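First comes the structure, then the notes that go with it.
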Amino acid sequence: MADIEQLNGDAQSRIGAAEDLAALEALRVEFLGKQGSVSALLKTLGKMTPEERQEQGPKIHALREGVQAALTARKEALENAALESQLAAETLDLSLPAPGMPQGSIHPVSQVMDELAEIFADLGFAVATGPEIEDDWYNFTALNMPESHPARAMHDTFYFPDQAPKGGKMLLRTHTSPVQVRTMLEDGAPLRIIAPGRVYRSDSDATHTPMFHQIEGLVIDKGIHLGHLKWTLETFLKAFFEREDIVLRLRPSYFPFTEPSVEVDVGFAIENGQDGKGRRVLGGSGDEPGHGWMELLGSGMVNSRVIEMSGLDPDQCQGFAFGVGVDRLAMLKYGMDDLRAFFDGDVRWLRHYGFSAFDQPTLSAGVGARA
Ligand code: DAH
């Protein structure tokens, strides 16, 4: 009797303390194996009198079951612990900065896009998007450039071999203007949107890259006229360049999707930079001595043909649109002189011009405020 209790206490405590599966297996053999101590006790049952057996039998069986249960529980606990420590050791936190590596920063193009979204949101504009792989119809035809239109040739288009659903070939959009058509078709009038994004043209030198960024603006409503366009552009450019003395010059021009079309120039002065180099600084009338005009963006009143092809009634609503190069805006605002550096992925350049991810552009703090 004392034997059984002692054996049980001994087995339970040693099993509970077993440090690994091998130690546990050794204990199983020691207690429940053929030569094991519990097995030996079970064998004594055969030599007992029926009375003794009736008394001892249940105790010895209970001992065996208790030891077996302790072995099973400990095995499970050891296996769980092994899995836990394996999982803990294999943890990989991809959000941790690699030791010794430079911290990432916001690319100037992203920064300028954020600044533009902030400025236009304040004027009640929503942000719209469209696909970069575009249907010929949205990129050209619906913008009043039918298949034979000479303006198509000016776009240096990258075409895909695939047939577009609405005729012609699929292509990489050459401008953000197709988002005008898509948004009018989808949302109807009235509309106030900007559409920032990537555009593509087969063209490459110091001022042109095959991929660049544009931002499109579109306002559709009743009674919209050129005055609304001029006020909107002036307000946007003053906020963006963070100076009040921005002067615009509107020149008659031609785009198939606007009528009339207006090219917008902005006045600049040549100022000496810290390095003594002459630099264009925006502000003031370009007609003053030492000043000049720089072409900045295309715009105009949306051509009634475009409004029609976008599913709206040109007798009911009018609108204005504009398109401007985001990379160009960034170069002008932050004094960068080679467009190709935007796409070099040189971390030194990025660190020099890069913006902190925590420095969100706001109108109250200045849209281009740097940390
Ligand atoms: N889509 C033109 C381009 O890429 C730019 C443009 C001109 C957009 C006039 C407009 C506009 O919305 O009204 O050259």
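Only the coordinates and a few stated rules stand behind these numbers; no lab work does. Treat the numbers as computed from the prediction; the structure is a model and nothing was measured. All Cβ positions, glycine included, derive from the backbone under ideal geometry; neighbour counts span all protein chains shown.
Got the relative contact order for the chain handy, in percent, Cα pairs under 8 Å and 6 or more residues apart? Could the numbers behind the result be given before it?
Details: 590 pairs, mean separation 58.6, N = 371.
Relative contact order here is 16 percent.
Which one, Thr209, Pro190, Thr362, projects farthest toward the positive side of the charge dipole computed for the chain from Cβ point charges (K/R +1, D/E -1)?
So the residue we want is Thr209.
Neighbour counts of other C-beta atoms within 10 Å: give me Ile60, Ile220, Ile4, Ile270 arranged from fewest to most. Could you put the intermediate results ahead of the total?
On the way: Ile60 19, Ile220 25, Ile4 15, Ile270 11.
So the residues, fewest neighbours to most, are Ile270, Ile4, Ile60, Ile220.
Enter the mean projected area of the convex hull around the alpha-carbon atoms of the chain, in nm², rounded to one decimal.
Working: hull surface 137.5 nm².
Answer in nm², one decimal: 34.4.
Let me check I've understood the local charge: for Leu297, count other residues with C-beta under 11 angstrom from its C-beta, Lys and Arg +1, Asp and Glu -1. What total comes out? Kindly include the intermediate steps, with their values, before the conclusion.
Details: positive: Arg328; negative: Glu216, Glu263, Asp265, Glu295.
Result for the neighbourhood of Leu297: -3.
Name the long-range amide H neighbours of Ser261: under 5 Å, sequence gap of 5 or more, or other chain; modelled H, no Pro or chain starts.
Placed amide hydrogens put Ser253, Phe255 under 5 Å from Ser261.
Taking the chain as a Gaussian network, where each spring joins two C-alpha atoms under 10 Å apart, which residue of Glu52, Glu288, Glu84 fluctuates the most?
Taking springs between Cα atoms under 10 Å, the residue moving most is Glu52.
Report ³J(HN,Hα) in whole Hz for each residue of the range 260-271, in order, from the Karplus equation J = 6.51 cos²θ - 1.76 cosθ + 1.60 where θ = phi - 60°; Gly and Pro get x.
Values per residue, Gly and Pro as x: x, 9, 10, 9, 10, 9, 10, x, 9, 10, 8, 10 Hz.
My understanding is that a pair violates if its Cα-Cα distance is over 31 Å; which of Lys169/Lys230; Lys34/Lys75; Lys222/Lys333 do that in this structure?
Numbers: Lys169/Lys230 36 Å; Lys34/Lys75 20 Å; Lys222/Lys333 34 Å.
Check vs 31 Å cut-off fails for Lys169/Lys230; Lys222/Lys333.
Using a Gaussian network for the chain with springs between C-alpha atoms less than 10 Å apart, which of these wobbles most: Gly130, Gly66, Gly298?
Top of the fluctuation ranking is Gly66.
Step by step: find N for the range 2-89, compute 2.2 N^0.38 Å, then divide the Cα radius of gyration by it. What's the final number? Write out the running numbers ahead of the final one.
Details: Rg = 15.6 Å, N = 88, 2.2 N^0.38 = 12.1 Å.
In units of the globular-protein estimate, the range 2-89 measures up at 1.29.
How would you rank His352, His228, His213, going from fewest to most other Cβ atoms within 10 Å of each one's own Cβ?
Ordered from fewest to most neighbouring Cβ atoms within 10 Å, His352, His228, His213 come out as His352, His228, His213.
On a C-alpha basis, how far is the centre of the range 301-364 from the centre of the range 180-225 in Å? Whole number, if you could?
That distance is 9 Å.
Could you line up Ser364, Ser37 from fewest to most neighbouring Cβ atoms inside 10 Å? Numbers along the way, then the final one.
Values: Ser364 6, Ser37 16.
Ordered by Cβ neighbours within 10 Å, fewest first: Ser364, Ser37.
Report the Stokes-Einstein translational diffusion coefficient (µm² s⁻¹, integer) for the range 24-148, Rh taken as the Kirkwood radius over Cα pairs, at 4 °C with viscosity 1.567 mPa s. Display every interim value, and only then the final one.
Values: Rh = 23.6 Å.
So the translational diffusion coefficient is about 55 µm²/s.
Counting each pair of different Cα atoms once, what's the Kirkwood radius of the range 62-122 in Å, rounded to one decimal? Write down the numbers at each step before the final one.
Details: mean 1/r = 0.0573 Å⁻¹.
It works out to 17.4 Å.
Which residue fluctuates the most in the chain, going by a Gaussian network model with Cα springs under 10 Å, if the choices are Leu226, Leu42, Leu237?
Leu42
Using +1 at the C-beta of Lys and Arg and -1 at the C-beta of Asp and Glu, which of Met309, Thr72, Ala117 has the Cα lying farthest in the positive direction of the dipole of the chain?
Thr72
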